[in-house]
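The values are calculated or read from the model by the stated rules, or taken from the named source; none is laboratory data. This is a predicted model, so every value here is computed, not measured. Don't worry about glycine lacking a Cβ; one is built from the backbone with ideal geometry, like all the others, and counts go over all protein chains shown. Ligands, DNA and RNA are excluded from the accessible area calculation, which covers all protein heavy atoms including side chains. Shrake-Rupley method; radii C 1.70, N 1.55, O 1.52, S 1.80 Å.
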Amino acid sequence: MKLAVLKENNDPRVALTPDAVGKLSDLGFDILLEHDAGAEAFFPDDAYEGAKLMDRQALLQEAELVLSIHPLDDEALEKLTEGTVVIAQFQPFNDESVVDKLRRMKLRALSLDMIPRTTLAQAMDILSSMASIAGYKAVLEAAHLLPRYFPMMITAAGSIRPAKVLVLGAGVAGLQAIATARRLGAQVEAFDTRSAAKEEVQSLGAKFVEVEGAKDDSEAGGYAVEQSEDFLKRQRAEVQARAVKSDIIITTAQVRGRKAPMLVPASTVEQMKPGSVIVDLASSTGGNCELSEDNKTVQQHGVYIIGNSNLSALMPQDASQLYSNNVVNFLKLIAEEGQLKLDLDNEIISGAYITAEPAAATEE
Ligand code: NAD
């Protein structure tokens with residue numbers, strides 16, 4: 001089967017790294033690579049030994065399976081042959097119409113962001129790989145803008161107290177942000193609505209701040225559930241009390257398929273210390289901070305606010321490497337001798353196979 005890897009639009013990452021070519025050849029795939037697909041992630045064409053380098057148009061015509069990070073645009077999708085398999089992050093929980101569109105185009109789509117967050121699927125979990133990088137990078141970006149030290153400093157010229165970091169949402173990104181801020185010497189506090197987060201936060205040496213009355217999330221597959229307005233109001237008050245003492249706030253709170261909860265209103269930003277930094281990782285789904293703007297860094301009331309839900313793209317080499325490893329693990333599950341076996345009885349495959357008709361044939 002011919003597996004094509006395209007150069008991403010407006011993103012330096014690449015979906016497949018050179019070390020994967022041999023592994024996928026062993027699985028029976030022929031790898032077709034668009035020229036310079038990995039160049040911006042520092043994987044030059046000549047590192048992809050065994051792959052066939054092609055231009056985009058020819059590659060779209062020949063491909064039987066197309067692998068990417070972002071879904072291809074409609075113009076590219078229309079060039080694919082009927083029945084082609086497309087693997088990317090289609091995010092159907094944000095916009096269900098994408099499934100109908102792909103079905104109309106007679107494409108078979110596997111959406112990596114729909115793989116269940118189970119122990120078995122951990123090695124294929126691109127969301128965790130990218131969120132972990134985003135959490136790490138969020139702290140470094142904040143440190144870069146902060147006009148103050150992170151660690152406590154005792155110098156001949158006087159002492160500097162450690163920075164205070166507040167992390168809202170302690171999922172994969174939030175936990176990595178906590179760990180990174182702790183390593184740099186900051187004092188860290190964190191909030192999450194999921195009760196399971198408490199122990200994880202504390203194990204990283206941070207303080208867990210609790211707001212009573214969060215809705216039960218035990219049936220939500222590990223994801224958070226939407227909270228009542230009353231809970232969010234009490235939470236915002238608690239955030240405000242801590243925010244005014246913080247130097248940095250990293251917000252990562254998301255509820256899948258919904259607008260992100262607004263946790264840092266303008267009135268809180270107004271009361272923060274000048275020079276403080278907010279990094280809003282939920283900016284693409286509405287933002288956790290009222291004043292954040294997606295894909296922009298703004299300054300409001302003397303506070304820098306970075307709105308960026310795609311921070312993993314700022315570390316393209318390792319981000320590509322981890323994405324590629326996740327994809328190889330997924331392909332090992334669904335491929336045999338270069339052919340796909342999309343067994344809908346397997347919950348990982350049925351989760352990802354978003355264009356499968358309910359009673360679709362399971363053998364490809
Ligand atoms: P996410 O990006 O969907 O959300 C980030 C965090 O925001 C979550 O921890 C969520 O609880 C929190 N949140 C939502 N509303 C909030 C609010 N009002 N205030 C504060 N926090 C709020 O989360 P994620 O990082 O993708 O992780 C989702 C879940 O999946 C977690 O439980 C995680 O442990 C789990 N997970 C499991 C596996 C696995 O077992 N393979 C792998 C990765 C993640």
Practice task
Please give the number of the condition T297 fails out of (1) more than 15 Å from the ligand (Cβ to nearest atom); (2) modelled with pLDDT under 95.
Solution key: (2)
Problem - Neighbours by Cβ (under 9 Å, 6+ apart or cross-chain): first from segment 63-79, in the same structural domain as I31 (by TED's automatic domain parsing) and free of Cβ contacts under 8 Å to residues at least 40 places away in the same chain; second of a type in the set (F, W, Y) and open to solvent by 10 Å² or more (accessible area, probe 1.4 Å) - result: P71/F90
Fill in the blank from the handout: When segment 295-320 is checked residue by residue, the ones that are buried (at least 20 other Cβ atoms within 10 Å of the Cβ) and either charged (D, E, K, R) or in a helix (DSSP H, G or I) (or both) are L311, S312, A313, P316, A319, S320
Practice task
For segment 322-337, indicate whether the set of residues that are open to solvent by less than 10 Å² (accessible area, probe 1.4 Å) and aromatic (F, W, Y) is non-empty.
Solution key: yes
Practice task
Filter segment 150-205 down to residues that are away from the ligand (no atom under 12 Å from the Cβ), among the polar types (S, T, N, Q) and free of Cβ contacts under 8 Å to residues at least 24 places away in the same chain, then give me how many there are.
Solution key: 4
Exercise for the section: Count, please, the residues in segment 108-145 that happen to be of a type in the set (K, R) and either at pLDDT below 95 or out of contact with any Phe, Trp or Tyr (no Cβ under 9 Å at 6 or more places or on another chain) (or both). Expected result: 2
Handout entry: One residue from G275, G287 being in a loop (DSSP other than H, G, I, E, B) and either within 16 Å of the ligand (Cβ to nearest atom) or closer than 30 Å to D113 by Cα (or both)
Key = G287
Practice task
Could you grab me the full set of residues in segment 11-22 that are open to solvent by less than 10 Å² (accessible area, probe 1.4 Å) and outside any loop (DSSP other than H, G, I, E, B)?
Solution key: A20, V21
Handout entry: Qualifying residue in segment 348-358 (condition: in contact (Cβ under 8 Å) with a residue 24 or more places away in the chain, within 16 Å of the ligand (Cβ to nearest atom) and buried (at least 24 other Cβ atoms within 10 Å of the Cβ))
Key = yes
Exercise for the section: Six or more apart or on different chains, Cβ under 6 Å: which pairs go from a residue in segment 264-288 that's among the acidic types (D, E) to one that's open to solvent by 10 Å² or more (accessible area, probe 1.4 Å) and not in a helix (DSSP H, G or I)? Could you list them? Expected result: E270/H301; D280/S292
Practice task
Tell me, yes or no, whether segment 258-268 has at least one residue that is under 30 Å from T17 (Cβ atoms) and either of a type in the set (V, I, T) or in contact with a Gly (Cβ under 9 Å, 6 or more places away or on another chain) (or both).
Solution key: no
Problem - Residue that is in contact with a helix residue (DSSP H, G or I) (Cβ under 7 Å, 6 or more places away or on another chain) and assigned to a loop (DSSP other than H, G, I, E, B), where the choices are S292, S324 - result: S292
Handout entry: Single residue of K101, K7 found to be touching a His at 6+ places or on another chain (Cβ under 9 Å), charged (D, E, K, R) and over 22 Å from L333 (Cα atoms)
Key = K7
Completion exercise
The number of residues in segment 221-246 that are farther than 30 Å from G351 by Cα and either touching a Pro at 6+ places or on another chain (Cβ under 9 Å) or not acidic (D, E) (or both) is 15
Exercise for the section: Answer yes if at least one residue in segment 226-238 is crowded, with 17+ Cβ neighbours inside 10 Å, within 13 Å of the ligand (Cβ to nearest atom) and closer than 16 Å to V165 by Cα, and no otherwise. Expected result: no
Practice task
Say whether the condition of being open to solvent by less than 30 Å² (accessible area, probe 1.4 Å), hydroxyl-bearing (S, T, Y) and not in a strand (DSSP E or B) is met by at least one residue in segment 23-40.
Solution key: no
